[in-house]
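Every number in this text was worked out from the coordinates using simple rules, so none of it is lab data. Keep in mind the model is a prediction, meaning the values are calculated, not measured. In this analysis, Cβ positions are derived from the backbone assuming ideal geometry, glycine residues included, and neighbour counts consider all displayed protein chains.
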Amino acid sequence: MLNNKYKLELAFSLVKMQFHSNLRTKTIRNGRRESNFENFKTFLNYNRVVHAMILIDSGYLHKHTISSLSVESTLTRQTFFRVFKYHTKQTPLAYSLKKRQSICFTLKN
């Protein structure tokens, strides 16, 4: 439907999503409601967290800091931590450590 790079733009909006996806605003809003997102900002932040999780899973934090991960996700550091914890119920570092532990466990067995 829509390339994820657009969702990472700092000034991404409902209007831009409508333009890039060729969907009507009503269709986008209905889809957001059916997905149980409170509002468009929550939808965007969720996509930014998913982007961060993909980066963490691919080893991004081996060479970069969590602060640079927040920049890569187009969120301020403080907002990044708040939004990441809201959507995953854990901090980015806890998520990364849990992933690392599960990989080590898998390799041992």
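Residues checked against (1) surrounded by 16 or more Cβ atoms within 10 Å (Cβ to Cβ); (2) in contact (Cβ under 8 Å) with a residue 12 or more places away in the chain; (3) of a type in the set (A, V, I, L, M):
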site	(1), (2), (3)
K26	no, no, no
Y46	yes, yes, no
M53	yes, yes, yes
S58	no, no, no
TODO: Determine whether K99 is among the basic types (K, R) and touching a residue at least 12 places away in the same chain (Cβ under 8 Å).
DONE: yes
Open item on the list: Is it the case, given these coordinates, that N47 is more than 22 Å from T91 (Cβ to Cβ) and under 16 Å from the mean Cα position of the chain (by Cα)?
Closed with: no
- [ ] Quick one: in region 10-28, of everything that is of a type in the set (A, V, I, L, M, F, W, C) and not in a helix (DSSP H, G or I), which residue is nearest to F80 (Cα to Cα)?
- [x] L10
Open item on the list: Quick check on region 30-44: of everything there that is surrounded by 15 or more Cβ atoms within 10 Å (Cβ to Cβ) and of a type outside the set (S, T, Y), which residue is nearest to S68 (Cα to Cα)?
Closed with: L44
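A quick yes/no check of all residues on (1) under 25 Å from Q18 (Cα atoms); (2) in a helix (DSSP H, G or I):
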{"residue": "N30", "(1), (2)": "yes, yes"}
{"residue": "R33", "(1), (2)": "yes, yes"}
{"residue": "E38", "(1), (2)": "yes, no"}
{"residue": "T42", "(1), (2)": "yes, yes"}
{"residue": "Y46", "(1), (2)": "yes, yes"}
{"residue": "I56", "(1), (2)": "no, yes"}
{"residue": "L69", "(1), (2)": "no, yes"}
{"residue": "F81", "(1), (2)": "no, yes"}
